[in-house]
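The values are calculated or read from the model by the stated rules, or taken from the named source; none is laboratory data. The structure presented is a predicted model; accordingly, all values stated were derived computationally and were not measured. Counting neighbours? That spans all protein chains shown, and the Cβs are built from the backbone with ideal geometry, glycine included. In case anyone asks, the SASA skips ligands and DNA or RNA and just uses the protein heavy atoms, side chains included. Shrake-Rupley method; radii C 1.70, N 1.55, O 1.52, S 1.80 Å.
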Amino acid sequence: MASACETTDELIDLIYAILLGEASWQQFLDTLAAGMPNGKTVMVMHGITDPGEGYVPLSAGFDEKAIETYNAHYVDLNVWQPPLTRQKAGMGFTDDELFPSEELVKSEFFNDYLIPNEIHMMACAKIGSDRRYSFSVAALGARADTRLKAEMADRLTGLGPHLKRAFDFHR
């Protein structure tokens, strides 16, 4: 199990280690997830014109069945991804900045996917996009902690330019 990075700089170093072949994206997600109680992280490809084309290619903290279920059904119902696709790449956002929490709790996505998977908070950043897909990273936690999710959004903003460079390199 990865240990939590104390600073954003340590995660930035990890991103460049990935580009040099010294580390993996799985290590990055594991390390990012370790910074939160019951932390989970995902990299998401979201279909801009057809949300059903999206999927989660990499994750940490989830069991395989949860990701399979998301990819098969809930990718279409993720209320956070459509507003995230309209945001500037490299900026971190919290769940309630993308979609009103009072509406989220009424959704199938919340009640049938987030709650059973013990997800009560989310911070994410769009890494890049093209005409068809938006690519993002999200950090999710089991505790509805406003301070922690704001810190994670800030951390993702700090990582944003580096993640975008890595994304552009791999495209």
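Across the stretch 20-65, the qualifying residues are those that are hydrophobic (A, V, I, L, M, F, W, C) and out of contact with any strand residue (DSSP E or B) (no Cβ under 8 Å at 6 or more places or on another chain), and the one among them that is nearest to ALA125 (Cα to Cα) is PHE28.
Considering the conditions (1) open to solvent by less than 20 Å² (accessible area, probe 1.4 Å); (2) under 17 Å from LEU11 (Cα atoms); (3) modelled with pLDDT under 95, GLN81 is excluded by exactly one of them, (2). Counting only residues that are β-branched (Val, Ile, Thr) and over 10 Å from PHE93 (Cα atoms), which one in the stretch 129-162 is modelled with the lowest pLDDT? The qualifying residue modelled with the lowest pLDDT is THR146. Taken over the stretch 26-38, residues that are in contact with a Lys or Arg (Cβ under 8 Å, 6 or more places away or on another chain) and surrounded by fewer than 16 Cβ atoms within 10 Å (Cβ to Cβ) amount to 2.
Of the residues making up the stretch 44-72, those that are in contact (Cβ under 8 Å) with a residue 24 or more places away in the chain and either within 25 Å of ASP154 (Cα to Cα) or open to solvent by 50 Å² or more (accessible area, probe 1.4 Å) (or both) number 11. Taking the condition surrounded by 15 or more Cβ atoms within 10 Å (Cβ to Cβ), polar (S, T, N, Q), touching a Leu at 6+ places or on another chain (Cβ under 7 Å) and at pLDDT 95 or above, does THR41 pass? Yes, satisfied. The test for being touching a residue at least 24 places away in the same chain (Cβ under 8 Å), over 19 Å from VAL79 (Cα atoms) and open to solvent by 70 Å² or more (accessible area, probe 1.4 Å) does not hold for ARG155. Residues in the stretch 134-152 that are farther than 12 Å from ILE119 by Cβ and either open to solvent by 10 Å² or more (accessible area, probe 1.4 Å) or part of a helix (DSSP H, G or I) (or both): PHE135, ASP145, THR146, ARG147, LEU148, ALA150, GLU151, MET152. The condition of being open to solvent by less than 40 Å² (accessible area, probe 1.4 Å), modelled with pLDDT under 90 and over 17 Å from the mean Cα position of the chain (by Cα) holds for only one of ALA23, ALA2, ALA17, that being ALA2. Those strands (runs of 3 or more DSSP E) of the stretch 48-133 in which 1 or more residues are in contact with a Cys (Cβ under 9 Å, 6 or more places away or on another chain) occupy 92-94.
Take the conditions (1) modelled with pLDDT under 95; (2) within 26 Å of GLU97 (Cβ to Cβ); (3) not basic (Lys, Arg); PHE62 misses just one of them, which is (1).
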